[in-house]
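Here's the structure we're looking at; comments come further down.
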Amino acid sequence: MFPHKILVTGGLGFIGSHTVVELQQAGYEVIILDDLSNSQLFILDRIKAITGIAPKFYQLNMLEEDKLHQLFLQEENIAAVIHFAAHKAVGESVAEPIKYFHNNLYALINLLRCMEQFGANNLVFSSSATVYGDPDELPIRETTVFKKAMSAYGSTKQMGEEIIEKTCAAKPINAIALRYFNPVGAHNSGLIGELPLGIPNNLMPYITQTAAGIRKQLLVYGNDYDTPDGTCIRDYIHVVDLAKAHVKSCDRLISKNNSEKYETYNIGTGKGYSVMEIINAFEAFNHLQLNYSISARRPGDAKAMYADVSKAGKHLGWKASLGLQDMVTSAWYWQQQLSNAH
Ligand code: UFG
């Protein structure tokens, strides 16, 4: 039997590239689509260096529906699509909301139209814990009521889920939306990892760039929250664990084991760490000192977010296996490889 073919949009990005590696290692044939707007071509060679298999690659912007259509014409029998390709900078989305609605929603709509037309009936959607807004309950369950999204980026994830849910209800398409908490870390080979454009917004790349001397000082956004040490709490998840959740989702959809046409899963460890705990772990496990100082709160930050991950355990048979030490050491190893290469 031929291996099942998976189309991965945004497959050269941070989460996408790690997912491609895990899919190939699980025996899937992978086709990557990426417009290289926030990723680099050398990642393709790195994937091959890890797995020994070069994935087929299409450089393509999903807003060009004709070209997307051509891809589906050329690639018959796509068993599942994993859709990562999207703009994802939270701050930029607040300043440029139309850019985010236009790109993220049209890309998804074009994809769903092609999937319907070509009978590609399985979709794994890259969603985010941001859909919950600033939640009323902790840990966050899949049934936790969505609050208003705090950014246009968050709105596109809420709307994206809605578009998919309604499509699944009306059409033969089945989908799984994975709501990621805070993805961090890198592949243990040091060959792939996060490549932030410009000044990072997220905590871990800011930490690694500060440790590497690229940034002068890390700012801790607020230590007066109602948490044990006053800093915000998040559920950090190793990107390799996260990638594996996508493989499990493809397995479930392709083997028709899903119980609903549209399913949602929280993907985190279920354990929250504060900003200070992350900094302390980074320093302790990597044997170095970070230059940081406490500054004002960042607008829009929720005090604490962590997941109830029991649904993913029960239905996907997935559970995070990598802990804080793996997260901070792999992130630092990747940063060092990058710094050495430049
Ligand atoms: N933080 C700092 N200093 C920094 C960067 C971050 O103190 O330089 C703090 C933040 O205030 C927050 C924590 O570190 O308390 C984590 O911040 P991140 O920016 O890394 O992550 P967020 O939780 O804000 O956002 C992440 C993803 C989003 C997603 C959101 C869902 O980056 O894409 O989770 O909750 F929408």
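FYI, it's all coordinate maths here, none of it is from the lab. Predicted, not measured: the structure shown is a model, and the values here were computed from it. Every residue, glycine among them, receives a Cβ derived from its backbone with ideal geometry; neighbour counts consider all protein chains shown.
The table that follows gives values for the structure above.
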quantity	calculated
Residues in the range 21-59 reached by a label modelled at Gln74 [backbone nitrogen below 18 Å; 7 Å Cα→Cβ]	29-37, 41, 44-45, 54-59
Normalised convex hull volume, the range 1-121, alpha-carbon set, Å³ per residue	98
Loop sites in the range 199-250: chymotrypsin sites (Phe, Trp or Tyr not before Pro), DSSP, at most 16 other Cβ within 10 Å	none
Cα-only Debye scattering, the range 160-217: base-10 log of I(q)/I(0) at q = 0.29 Å⁻¹	-1.20
Unit Cα scatterers, Debye sum, the range 266-320: log10 I(q)/I(0) for q = 0.13, 0.23, 0.28, 0.31 Å⁻¹	-0.52, -0.94, -1.06, -1.16
On Cα atoms only, tilt of 42-51 relative to the major axis of the chain in degrees	80
Size descriptor, Kirkwood hydrodynamic radius, that averages inverse alpha-carbon separations across the range 131-255, Å	17.5
25 Å Cα-Cα threshold exceeded, pairs from Lys67/Lys248; Lys67/Lys171; Lys157/Lys311; Lys261/Lys303; Lys67/Lys99	Lys67/Lys248; Lys261/Lys303
Cα Rg over Rh - the range 129-198, Kirkwood	1.06
Rg(Cα) / (2.2 N^0.38 Å) computed for the range 55-118, rounded to two decimals	1.23
Crossing angle, helix 106-118 versus the chain [Cα axis fit, 0-90 degrees, rounded to tens]	30
Extent along principal axes [Cα atoms of the range 201-342; Å; largest to smallest]	51, 41, 23
Two-decimal log10 I(q)/I(0) for the chain, as the Debye equation yields it once each C-alpha is a single scatterer, q = 0.06, 0.09, 0.11 Å⁻¹	-0.20, -0.45, -0.69
Under 5 Å, built H, 5+ apart or other chain: amide partners of Ile267	Arg179, Tyr180, Phe181
For Ile233, distant residues with modelled amide H under 5 Å away	Ala304, Met305
Using alpha-carbon coordinates, inclination of helix 239-254 to the longest axis of the chain, degrees	20
Förster radius 30 Å - calculated FRET efficiency between Glu96 and Gln217, Cβ distance, rounded to 0.05	0.60
The range 58-197, relative contact order in percent, only Cα pairs under 8 angstrom and at least six apart counted	26
Label point distance in nm, Lys256-Ile109, each placed 7 Å from Cα along Cα→Cβ	3.2
Convex hull projection area averaged over all views, the range 86-125, Cα basis, nm²	2.9
Restricting the range 217-289 to trypsin sites (Lys or Arg not before Pro) in coil, as DSSP defines it, with at most 12 other Cβ within 10 Å	Lys256
